[in-house]
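> Handing you this structure, nothing more for now.
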Amino acid sequence: MRVLGKGSAASIISVVLGFVRFFVAIGLAITAFATLVLPFVPPPGYRVTVPVSFTVEGLSPLHGRRPGFGFEVGRKDDSAEGEPAPDNAARKRALLDRVDGSVTIDDASKAFVAANAVALMLILVYGLFIIDQVRAVLRTLIHGNPFDPANGTHIRRVGFAVIAGEFARAMLVWAENLYAAGHVAIEGVRFDTSPDISFWTLIYGLIILVIAEVFRAGTRLDQEQSLTI
Amino acid sequence: MAIRIKLDQLLLDRKLTLTELADRVGLTIANLSILKTNKAKAIRFSTLEALCRELDCQPGQILEFTKEP
């Protein structure tokens, strides 16, 4: 499959992103409208679902943890300390640590609903920004000119957005966790009240920045080549 | 740019147009225009050789070094 020109992979991705952009824009408009009419809606019955990360503890015989590695040396097997249910006797006790998920909060306050609506709008604007940058790069690929001088800038913006977005995501989940820890009680579930920044997402952002610099160097070489008579 | 191309004077002296010179050296008018207006980043030896041949001159008559402040 061709990478450049019309009918290429770039043009297909661009069309798909065009649809995604359309729906994100509609989502943004709906959220903005809902936020505007929120003061006029009577308080009872607000239900908000927000992203959180949590740890599941207790006697549940759970196995697993968030994707990643964890090592402990010299830890005793404490399965004998608890009293596992007979049908789970063969299993070890374990902890589900830093699980990413969502929690639905009933009868949330108006301020909490408004804050989350604003957060959602910012996320959607962020999504539109990244989609626009990627589509701008794809347009140059469709026109067969990958070394357009603007491409380096577009790719660099995406890199910075990925890094900044990860910090923003971590702060948002942290804030939601703090709220949930104070307002929601679920047996055996403890909301993580420390920020959790994804190291790998930051690395991806840095890789995108490196690719942006490669593009800028390529553009410079291409210009030099085209101006060598 | 510190290195300038002095095609204007040479064309005038030899009573040649840019189009004629482009035909003779095998360049497009667009590329020769880039050269003439000092927008080129580099010049190939083959291009310089063709210009010297057609204009009957030395490279030093085409290129000029000027000190920039």
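> Suppose we filter A:Val20, A:Val16, A:Val48 for residues that are modelled with pLDDT of 70 or more and part of a strand (DSSP E or B); which single one remains?
On the way: A:Val20 fails: part of a strand (DSSP E or B); A:Val16 fails: part of a strand (DSSP E or B).
Of the residues listed, the single one that is modelled with pLDDT of 70 or more and part of a strand (DSSP E or B) is A:Val48.
> Could you tell me which numbered condition B:Ile34 fails, if it satisfies all but one of (1) within 11 Å of chain A (Cβ to nearest Cβ); (2) open to solvent by 70 Å² or more (accessible area, probe 1.4 Å)?
Answer for B:Ile34: the failing condition is (2).
> Pull up the stretch B:22-31, narrow it to residues that are of a type in the set (Val, Ile, Thr) and assigned to a helix (DSSP H, G or I), then point me to the one that is farthest from the other protein chains (Cβ to nearest Cβ).
B:Ile29
> Looking at the stretch B:37-56, can you tell me whether even one residue there is part of a strand (DSSP E or B) and within 14 Å of chain A (Cβ to nearest Cβ)? Break it down stepwise before answering.
Narrowing the stretch B:37-56 to residues part of a strand (DSSP E or B): B:42.
Next, only the ones that are within 14 Å of chain A (Cβ to nearest Cβ) stay: B:42.
Taking every residue of the stretch B:37-56 in turn, at least one turns out to be part of a strand (DSSP E or B) and within 14 Å of chain A (Cβ to nearest Cβ).
> Here's something else I'd like to know. When the stretch A:1-33 is examined, which residues are found to be open to solvent by less than 50 Å² (accessible area, probe 1.4 Å) and small (Gly, Ala, Ser)? Step through it out loud before you land on a result.
To start, the set of residues in the stretch A:1-33 that are open to solvent by less than 50 Å² (accessible area, probe 1.4 Å) comprises A:5, A:8-11, A:14, A:17-18, A:24-25, A:27-28, A:31-32.
Within the stretch A:1-33, A:Gly5, A:Ser8, A:Ala9, A:Ala10, A:Ser11, A:Ser14, A:Gly18, A:Ala25, A:Gly27, A:Ala32 meet the criteria.
> Looking only at the stretch A:205-223, filter to residues that are open to solvent by 90 Å² or more (accessible area, probe 1.4 Å) and within 14 Å of chain B (Cβ to nearest Cβ); which one of those is farthest from A:Gln133 (Cα to Cα)?
Here the residue is A:Leu221.
> Scanning the stretch B:57-69 for residues that are without any contact (Cβ under 8 Å) to a residue 60 or more places away in the chain and of a type outside the set (A, V, I, L, M, F, W, C), which turns out nearest to the other protein chains (Cβ to nearest Cβ)? Full working, then the answer.
Let us first name the residues in the stretch B:57-69 that are without any contact (Cβ under 8 Å) to a residue 60 or more places away in the chain, namely B:57-62, B:69.
Filter once more, keeping what is of a type outside the set (A, V, I, L, M, F, W, C): B:58-61, B:69.
Values: B:Gln58: 19, B:Pro59: 14, B:Gly60: 18, B:Gln61: 17, B:Pro69: 24 Å.
Once the filter is applied, the top-ranked residue is B:Pro59.
> When you go through (1) more than 14 Å from chain A (Cβ to nearest Cβ); (2) free of Cβ contacts under 8 Å to residues at least 12 places away in the same chain; (3) open to solvent by less than 80 Å² (accessible area, probe 1.4 Å) one by one for B:Leu12, which number turns out not to apply?
Condition not satisfied by B:Leu12: (3).
> Of all residues being open to solvent by 40 Å² or more (accessible area, probe 1.4 Å) and in a loop (DSSP other than H, G, I, E, B) in the stretch A:158-195, which is farthest from A:Ala111 (Cα to Cα)? Just the residue, please.
Filtering first and then ranking leaves A:Glu187.
> Of these, B:Glu64, B:Glu68, which one is out of contact with any Ser or Thr (no Cβ under 6 Å at 6 or more places or on another chain), assigned to a strand (DSSP E or B) and surrounded by fewer than 16 Cβ atoms within 10 Å (Cβ to Cβ)?
B:Glu64
The values are calculated or read from the model by the stated rules, or taken from the named source; none is laboratory data. What you see is a predicted model; the values in this text were computed from it and never measured. Glycine also receives a Cβ, built like all others from the backbone with ideal geometry; neighbour counts cover every protein chain displayed. What goes into the accessible areas is simple: the full protein's heavy atoms, side chains included, and nothing from ligands, DNA or RNA. Shrake-Rupley method; radii C 1.70, N 1.55, O 1.52, S 1.80 Å.
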